[in-house]
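Peer 1: One structure follows; several queries about it will come next.
The values are calculated or read from the model by the stated rules, or taken from the named source; none is laboratory data. On a predicted model such as this, the values are computed, not experimentally measured, just so you know. Reconstructed Cβ throughout: ideal geometry from the backbone, glycine too, with neighbour counts over all protein chains shown.
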Amino acid sequence: MARVVVVGGGFAGLASAARLAKLGHEVTLLERSATLGGALGTVEADGFAWDAGPTWTTLPAVVRDLFRKSGRPVERELELEPLDVVREHRFVDGTAVTVPSGRGAQVAAFDDLAPGLGQRWVDHVASYTDVWETLRREYLEVPWDPRSPSRPLSAVLDDRQTLHKRLRRTFRDERLALVAGHPAVAEGHDLRNVPAWAGVTAYVEQRFGAWTVQGGMARLAEALAARMTTRGVTVRTGTTARDLVVREGRVVAVDLGAEQVDADVVVVAVDPRLLPALAPLVARTMPAIPPVVAHLGLEGDVPDLRHELVLHGDPLLVVRPGGRAPSGASAWTVHGRGKLAEDMLRALARDGIDVRAQVVTRVDRTPRDLVEAWGGSPLGVLWQGRATVRQRLGPTTPVAGVYAAGAHATPGAGLPYVGLSAALVAQAVGPA
Ligand SMILES: Cc1cc2nc3c(=O)[nH]c(=O)nc-3n(C[C@H](O)[C@H](O)[C@H](O)COP(=O)(O)OP(=O)(O)OC[C@H]3O[C@@H](n4cnc5c(N)ncnc54)[C@H](O)[C@@H]3O)c2cc1C
């Protein structure tokens, strides 16, 4: 049995701790804030409550596997609600497309935009089938070594094409390129710096669909927090890891400043730049910056929007209706990126959704507020070209006994990749 210390109590830290405890290790989880869950939290004001970060996700198998492998199945603890529509996109020319989860429905939806676009869209998505299979087999489900990836994985990762170029070549209709590039743009990336293979997200969304948790995504964190108790994990909230103590190339403890916590294994489920022992190893990477966020409490009748509405243009606005609201009122969250010199609600009004007179409460959070609240960016590492994938840590690191999970150890932020990263760490550490 190893003494495992998990640094960070977001989805990655909780998932890693649950799995490693089930494998028989003695696990301690350190979380700097007072609550667990990281970006999987709730913002509350004046009777309204909003998901602070994630509101939906894809690849439910990742969460199912986590719950099953660490205790009771997820269906016994949470209500996962499938979403028939992933997103609605509205373009500056006034046209719009609502993207459902399945293939056949997507053909019809894009054909509504213009005849023939449906086939072009599903062909593009299907072109990622082999990439997904390679990534799944060689990267996402087995601990891979960035210094010596398998040959099929190298073929994917070393492809020089950028997502920007791939989308320009594939689509003459710019709207399709905007839809296909959106997941990466929403996570703060410039498509010129994103490798084409990372566009696999469109395939994952189409093939595995989208779902949310009834009652808010924070329920997922609450269920995992409860699992810490059932699995006997020692949880220390309000506890910030300052550094790792490394002797002769192997980790021996986590330094809290006033004390040290002895460890045989440390799982870093935070931005490794925060820990001086690891920072030089990721010196060439940068964090992807969260969007500007406004949580809105609205009174009266509001437009009936899909789970996520994307308003293309500059600024790029994403409206996520949902959350808890007093009777007769509605909760929305708006994310903005790009030219945000004016208030987001003014830009939203120009896009035809004017709710300015209906705002009864509003919580604004700048990217800086978010990074400070979460002790790093939950969007992980910024793509700066195809080499970025080898400049990240995880699941193993060059320091013996140190493993990396979470948004900073995956090829894309998002709960599925983060959940998979925790499974990889558990696999790499192995049973007690
Ligand atoms: C605005 C926004 C919206 C998003 N929407 C979605 C979505 O709809 N669907 C989706 O799948 N994904 C979404 N994401 C991405 C998702 O939030 C992340 O993939 C996921 O939450 C990352 O989990 P994590 O555990 O790696 O990091 P975090 O959630 O950031 O957790 C890190 C934890 O570590 C703690 N910590 C930091 N430093 C230390 C330290 N030194 N010592 C101890 N503890 C420390 C922090 O307090 C925090 O609790 C969104 C992200 C943002 C920012």
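Peer 1: Pairs please, first residue from segment 32-48 and hydrophobic (A, V, I, L, M, F, W, C), second anywhere and assigned to a loop (DSSP other than H, G, I, E, B) and within 7 Å of the ligand (Cβ to nearest atom), Cβ atoms under 8 Å, 6+ apart in sequence or on different chains.
Peer 2: Hits for this filter: L36/G9; A39/G53; A39/P54; A39/P378; L40/G53; L40/P54.
Peer 1: Which condition breaks for F67 when tested against (1) aromatic (F, W, Y); (2) at pLDDT 95 or above; (3) more than 30 Å from V261 (Cβ to Cβ)?
Peer 2: Condition not satisfied by F67: (3).
Peer 1: Please state which of the following conditions G215 fails to meet, knowing it meets all the rest: (1) crowded, with 21+ Cβ neighbours inside 10 Å; (2) within 16 Å of the ligand (Cβ to nearest atom).
Peer 2: (1)
Peer 1: Pick out the one residue from A15, A39 that is more than 22 Å from E372 (Cβ to Cβ), buried (at least 22 other Cβ atoms within 10 Å of the Cβ) and within 11 Å of the ligand (Cβ to nearest atom).
Peer 2: Result: A15 is the single residue among A15, A39 that is more than 22 Å from E372 (Cβ to Cβ), buried (at least 22 other Cβ atoms within 10 Å of the Cβ) and within 11 Å of the ligand (Cβ to nearest atom).
Peer 1: Give me a count of the residues in segment 75-120 that are under 20 Å from L311 (Cβ atoms) and at pLDDT below 90.
Peer 2: Total meeting the criteria: 3.
Peer 1: Sticking with this one: Is it fair to say G188 is within 21 Å of the chain's Cα centre (by Cα), more than 30 Å from G313 (Cα to Cα) and in a loop (DSSP other than H, G, I, E, B)?
Peer 2: Against the criterion (within 21 Å of the chain's Cα centre (by Cα), more than 30 Å from G313 (Cα to Cα) and in a loop (DSSP other than H, G, I, E, B)), G188 does not qualify.
Peer 1: Of R242, R207, which residue is of a type outside the set (V, I, T) and either within 30 Å of A177 (Cα to Cα) or not assigned by TED's automatic domain parsing to the domain that holds D65 (or both)?
Peer 2: R207
Peer 1: Another question, if that's okay. If a residue must be of a type in the set (G, A, S) and under 19 Å from G53 (Cβ atoms), how many such residues does segment 5-25 contain?
Peer 2: Number of matching residues: 7.
Peer 1: Further question on the same structure: Which residues, taken from segment 278-299, are away from the ligand (no atom under 12 Å from the Cβ), part of a loop (DSSP other than H, G, I, E, B) and surrounded by 19 or more Cβ atoms within 10 Å (Cβ to Cβ)?
Peer 2: The answer is T285, and nothing else.
Peer 1: Does A426 satisfy being part of a helix (DSSP H, G or I) and within 15 Å of the ligand (Cβ to nearest atom)?
Peer 2: Yes: the conditions hold for A426.
Peer 1: List the strands (runs of 3 or more DSSP E) inside segment 48-103, counting only whole elements, that have at least 3 residues being within 11 Å of the ligand (Cβ to nearest atom) and touching a Pro at 6+ places or on another chain (Cβ under 7 Å).
Peer 2: Correct list: empty, since no element meets the threshold.
Peer 1: Can you find a residue that is more than 30 Å from G209 (Cα to Cα), touching a His at 6+ places or on another chain (Cβ under 8 Å) and surrounded by fewer than 19 Cβ atoms within 10 Å (Cβ to Cβ) anywhere in segment 344-362?
Peer 2: Yes, the conditions are met somewhere in segment 344-362.
Peer 1: Select from segment 313-333 the residues that are within 16 Å of the ligand (Cβ to nearest atom) and not charged (D, E, K, R) and list them in ascending order.
Peer 2: Result: P315, L316, L317, V318, V319, P321, G322, G323, A331, W332, T333.
Peer 1: Can you go through R250, R192 and tell me which one is touching a residue at least 12 places away in the same chain (Cβ under 8 Å) and within 30 Å of R160 (Cα to Cα)?
Peer 2: Answer to the check: R192.
Peer 1: Output the residue which, of all residues in segment 410-423 that are under 11 Å from the mean Cα position of the chain (by Cα) and part of a helix (DSSP H, G or I), is farthest from Q384 (Cα to Cα).
Peer 2: The qualifying residue farthest from Q384 (Cα to Cα) is G419.
Peer 1: Inside segment 340-398, can you point out the residues that are outside any helix (DSSP H, G or I), among the β-branched types (V, I, T) and either over 23 Å from the mean Cα position of the chain (by Cα) or more than 16 Å from the ligand (Cβ to nearest atom) (or both)?
Peer 2: Those that are outside any helix (DSSP H, G or I), among the β-branched types (V, I, T) and either over 23 Å from the mean Cα position of the chain (by Cα) or more than 16 Å from the ligand (Cβ to nearest atom) (or both): I353, V355, V359, V360, T361, T396.
Peer 1: Can you name every one of the strands (runs of 3 or more DSSP E) wholly within segment 195-269 that holds 3 or more residues which are farther than 14 Å from V27 by Cβ?
Peer 2: The qualifying strands (runs of 3 or more DSSP E) are 210-213, 243-247, 250-255.
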